[in-house]
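These notes are about the structure you will find just below.
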Amino acid sequence: MAKDEILTLGEAAKFLDMSPETLVNLVSLKQLKGIKVGNQWRFIKDDIEAWKDTQDKPNVEKIALENVVSRFFSFINSDFILRDLNAKHRFEVLASMSQFAKENSVCSKQSWLFDMLSKRERLLSTGIGSGVAFLHPRSVHTDKINFSAVLLGISRDGLDFRSLDRTPVNLFFLLLLKTEQQHLFALSYLSQLFRDDHLKEKIVQAPDNKTILDLLKLQVG
């Protein structure tokens, strides 16, 4: 195969006129084929061109993001948002979110989920900084999770969660996904969202769950 038939992530993203992050998300959705060589992505140009030819709208980035957002919103809905998380310390957060997952039938045993989340937090805090934490078990547990879901608990005052930047955490996303691919996709999606330094505060101040869902939608540009 000729060298010029292989594209790097940057080259493929430029060819499709989209961000590298959106392109990687499309790969995770199995809409595009990508090859991981070490820590680098490579793409066959013919595959990229073929996918682009199937898009019937001029703004490929917009279409790609619509697909990515649709995928994320298959994991979360308004019932999965707990706007008044009344917890005083980090393990109370884990207990409350575990109970919330059980109440929404995401898992059957609150005690099992609490134990898994606690073990994960004892290793290293899942507080990523800037007032946000991504709670999750150490590994995928297909047999224990009834369906893939992302739940959100909101502490308006915030609390100490031993985050890397030592700031209080207000937003606790609980990621319960049935496959590693789904888990990585959700992490990638949320990480892109919270590049907006003001998003956390907007969510904390949101008047209802519908507004929060609107804030969780990636935008073009």
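Here, each number is a calculation from the coordinates, and none is a lab measurement. Please read these numbers as outputs of a predicted model, since none were measured by experiment. With ideal geometry, Cβ positions are generated from the backbone for all residues, glycine too; neighbour counts draw on all protein chains shown.
Tabulated data
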{"read-out": "Dipole magnitude of the stretch 94-167 about its Cα centre (Cβ charges: Lys, Arg +1; Asp, Glu -1), debye to nearest 20", "value": "180 debye"}
{"read-out": "Centroid-to-centroid separation of the stretch 105-146 and the stretch 25-39 [C-alpha atoms, Å]", "value": "26 Å"}
{"read-out": "J(HN,Hα) series, the stretch 5-22, from Karplus relation 6.51 cos²θ - 1.76 cosθ + 1.60, nearest Hz, glycine and proline x", "value": "8, 9, 10, 6, 4, x, 5, 5, 5, 5, 4, 8, 6, 9, 6, x, 5, 5"}
{"read-out": "Residue-span extension gain [ASP79 to SER108] - 0.36 nm each, minus C-alpha spacing", "value": "8.7 nm"}
{"read-out": "Count of Lys pairs (Cα-Cα under 24 Å; at least 8 positions apart or interchain) in the stretch 78-215", "value": "17"}
{"read-out": "Spatial separation of Cα centroids for the stretch 151-221 and the stretch 79-98, in angstrom", "value": "14 Å"}
{"read-out": "Estimated distance in nm for a label pair at LEU187 and ARG122, the labels positioned 7 Å out from Cα along Cα-to-Cβ", "value": "2.1 nm"}
{"read-out": "Burial ranking of peptide ranges 145-154, 164-173 (average Cβ count within 10 Å, highest at the top)", "value": "145-154, 164-173"}
